[in-house]
Amino acid sequence: MAEGAFPAAAVADAAAAAGAYLRVEADAVMARCADAALGVAEDFCGRTWIRRTHEAVIGAGSGWQRLARAPVAGITGAVGLPAEGAPFVLPVEAYGYDIDSGGVGWVRVLAPGAAGRVAISYVAGLGDWGDLPGPVATGVTLIAAHLFEHREADAQPPAAVAALLRPYRQVRL
């Protein structure tokens, strides 16, 4: 699974829901539509709905830096990225991290060694397909169905999708 890619089970569940909605058997095209729909829902809402591994490359400065995806379930490691030479694993005492009450992950590099940048591995997301709030799952289903039905045309998604997802949208200023 590529970094940040949706787990196959979540894509299959979303594709099955869209297939059931359209009363067609989910196939590879439906799976691609479901994958895209999950991404659209996450981008629109500003949240990571499906739990998976992510990586953030941050500067080696000592200040706290915010991770882009939330809610963060855990920080799994840090790799120093020097300008010259091979990447190296930073020991746990070389960086600090915190996950605030809103699920936002924060990292600061305390002892970067030769690293000018640091790659932070972390797990973020609410859970699996079954953990999504009903309106979000319905919105993903409608987006996937729309993409499947209009795969050869340029058509706007149904307005109901925005109405379903808007209460879950987090805007960051």
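Only the coordinates and a few stated rules stand behind these numbers; no lab work does. Because the structure is predicted, anything quoted here is derived from the model rather than measured. Cβ coordinates were reconstructed from backbone atoms using ideal geometry, including for glycine residues, and neighbour counts include every protein chain displayed.
Summarising the amide proton neighbourhood of GLN65: residues at separation of 5 or more, or on other chains, whose placed amide H is nearer than 5 Å comprise VAL107, ARG108. You can think of it this way: the chain between THR76 and VAL57 has 5.5 nm of extra reach, that is 0.36 nm per residue less the Cα-Cα gap.
Near the amide H of ALA73, within less than 5 Å, lie the amide hydrogens of VAL123, ALA124, GLY125, all on another chain or at least 5 residues away, with H placed in the peptide plane. Taking region 49-142, which GluC sites (Glu not before Pro) meet the DSSP loop condition and have no more than 12 other C-beta atoms within 10 Å? The qualifying sites are GLU84. When the trypsin sites (Lys or Arg not before Pro) in region 1-106 are filtered for DSSP coil states and for at most 11 other beta-carbon atoms within 10 Å of their beta-carbon, the remaining sites are ARG23. Cα-based radius of gyration for the chain, normalised by 2.2 N^0.38 Å, reads 1.20.
Scaled against the 2.2 N^0.38 Å expected of a compact globular protein of N residues, the Cα radius of gyration of region 1-97 reads 1.43. Other residues with beta-carbon under 13 Å from the beta-carbon of VAL109 carry, at +1 per Lys or Arg and -1 per Asp or Glu, a net charge of +1. Gain on full extension, evaluated as 0.36 nm per residue between ALA153 and ALA114 minus their Cα-Cα distance, stands at 8.9 nm. Using only alpha carbons, region 52-124 has a radius of gyration to Kirkwood radius ratio (Rg to Rh) of 0.96.
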